[in-house]
Amino acid sequence: MIVNGRPHGTVWLPPSKSYSHRALLAGALAGNCRIDRLIWSQDTLATLNGIAALGGVFTREASAAVIAKAMDGGTLSEIDCGESGSTLRFLIPVAAALRDRTTFIGHGRLMERPLGPYEQALGAQLTFTRGDGTLTVEGRLTAGDFRIPGNVSSQFITGLLFALPLLDGDSTLTLTTPLQSRSYVDLTLDVLDTFGIAIQNEDYRRFTVRGNQSYRPVDYTVEGDFSGAAFFLVAGALGCAVECCGLNERSKQGDRAILDFLRAAGATVSHGPNGGLVVTADTLTGITADVGDCPDLVPPLGALLTFCEGESRIVNAARLRIKESDRLASVTAELKRLGASVEDFDDHLVFHGVSRLHGGDCHAWNDHRIAMMIAIAALRADGPVTVDDPFCVSKSYPQFWEDYQG
C-alpha cells in the first residue's frame, strides 16, 4: 500500500481495545448483560472465542455483544488466542478458576512473550506445559497469597484480579517490584467496580480480594480509544487539519498522556466544531517522554519526535522489546529507512529532529502500531511511502486505512 497526502476532516475513533477486552470478560462472568460500542478487532474476537470456549453464550451484533449466559467452564478444551497477549494472560487464571485443564493456542510472537510471572506465582497450584505454539495449563486455582512482579506486564495482574473474586476464600496479590503501566490496572479496577467486584488496593503494592463474589450484570458502553487516536492527534501536530471525536478527556486510559506529550512539544490542543480534539502546532521542540505507564504510545511518539527540533528521548521503554515486534528496533529501523535520525539503546530511543523525510519501502513487522506509525510519518515525506502487510492494523484498528484515506 502506498501512503501519501495530508489527511483532513473528522475521525470518529473506534472503541478502546483495552476497555473492550475487560468489559467482555466481566460481562461474560456476569451473564445477562449487553456490552455496547465494542471494537471487533482480531484481539477482541480472540477474547470472544475464549469466552465461548469457557461456556459463555452470547449473540454478536454490529458493535455489541449480548451475553445471555455466564461462563461456567464450558466443554471445549482449547482456546485460540490469535496473537492477543491480553486474551492469553487474562484467560489463564480465569480458565483455571473455572475448570481443571485448558490448552491455549498462540500465533505469531505470542508464545514468545513472557509467561514466567504466572509460572512462578501459580506453579504450586497449576502445571504449565509448553508445546509448539501451545500452552497447556492443568490444575484448579484456589484462594491464597500470590506474589507477582509489577514490571513485566500489567496483564498478569489484571488476569488475577478477574479470577480471584471467583474463588472459595479470600486472596492477596502482592507486587514484588514497582508497578509499571499502572493505568492499565486502573482500567481493570474501573471495570471490576462497575460490575460489582470489590478490590482493596493498597497503593498498588498489595491487593486484597474477597472470595465468593458475584459479577453483577450491567449494560456497558465502551469509550473511544486513545491508543488509536494518538496517531491522528500526532497527524494534527504535523500539519493536518484532523478533528478526533468520540474520546473521553477524563479517561483512565494511560494513552491519554499523548495530549501531555503533544503540549510539551509545543502543540496546542483545542476543540473542533463537532466537540472533538484538534491539535495544531507552529514549531515542535524536543522532549523526553517517559512511557513506563503508556508503552503503546512509542510508535506514534516516534512519528512525532522525528520532526521535533533538537534532541528528543523516549525513556523507560525496555518492555517494548517483547511486543508484537521488538518495538524499539522496529520503530528505529522504519523511521531510519525514511531518513529519520534515531538511535536505539537498551531501554530508550534518541531522536535528532529533521524537517522532512524521503519516500521508501517500509516493513510493518506484522505489527499494527508500526504500520500506523509509518502512515503518519509519511505525512512529511517528499516521496511515496510503501507499507507491506498494511492490514496487520486489523489487530487493533481494522478501519484505520479507511479513516486515513477518508
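Counting only DSSP beta bridges with both residues in the chain, the antiparallel share comes to about 65 percent. Full extension of the chain between R101 and D290 gives 64.0 nm of extra length, using 0.36 nm per residue less the Cα-Cα distance. Site pair D145 and R216 shows an inter-label distance of 3.1 nm when each label is modelled 7 Å from Cα along Cα→Cβ. Select from G310, G353, G73 the residue whose mean-square fluctuation is largest in a Gaussian network model of the chain (Cα-Cα springs shorter than 10 Å). Result: G310 has the largest fluctuation of those listed. Normalising the average separation of contacting C-alpha pairs (under 8 angstrom, six or more residues apart) by the number of residues puts the relative contact order of the chain at 16 percent. Here region 245-343 is described by how far its Cα atoms reach on the three principal axes: 39, 29, 20 Å, from widest to narrowest. For the pair E78 and D361, label points projected 7 Å from Cα toward Cβ lie 3.6 nm apart. Only residues of region 120-137 count here: report those whose backbone N is under 18 Å from the spot 7 Å along Cα→Cβ of T174, or say none. Those under the cut-off are 120-125.
In terms of surrounding Cβ atoms within a 10 Å radius of their Cβ, R130, R250 rank from fewest to most as R250, R130. Exposure proxy for T176, T87, T44: other Cβ atoms within 10 Å of each Cβ, ordered fewest to most, give T176, T44, T87. How would region 223-405 be classified by its alpha-carbon gyration tensor: rounded, prolate or oblate, with rounded meaning a/c under 1.5 and the a/b versus b/c comparison settling the rest? It comes out rounded by the Cα gyration axes.
Length gained on full extension, T127 to D36: 29.1 nm, using 0.36 nm per residue less the C-alpha separation. Largest GNM mean-square fluctuation across A124, A230, A257, computed for the chain with C-alpha springs under 10 Å, falls on A124. Note on T59 and T134: the extension gain reaches 24.2 nm, defined as 0.36 nm multiplied by sequence separation minus the Cα-Cα distance. Across L122, L284, L76, mean-square fluctuation computed from a Gaussian network of the chain (C-alpha pairs under 10 Å connected) peaks at L76.
Counting only DSSP beta bridges whose two residues both lie in region 223-405, roughly 65 percent are antiparallel. Fraction of C-alpha pairs exceeding 25 angstrom in region 22-180: 26 percent, rounded to a whole number.
All of the numbers you see were taken from the coordinates with simple rules; none came from a lab. Since the structure is predicted, the reported quantities are computational estimates derived from the model, not experimental observations. A quick note on method: Cβ atoms are made from the backbone with ideal geometry, for glycine too, and the neighbour counts reach across all protein chains shown.
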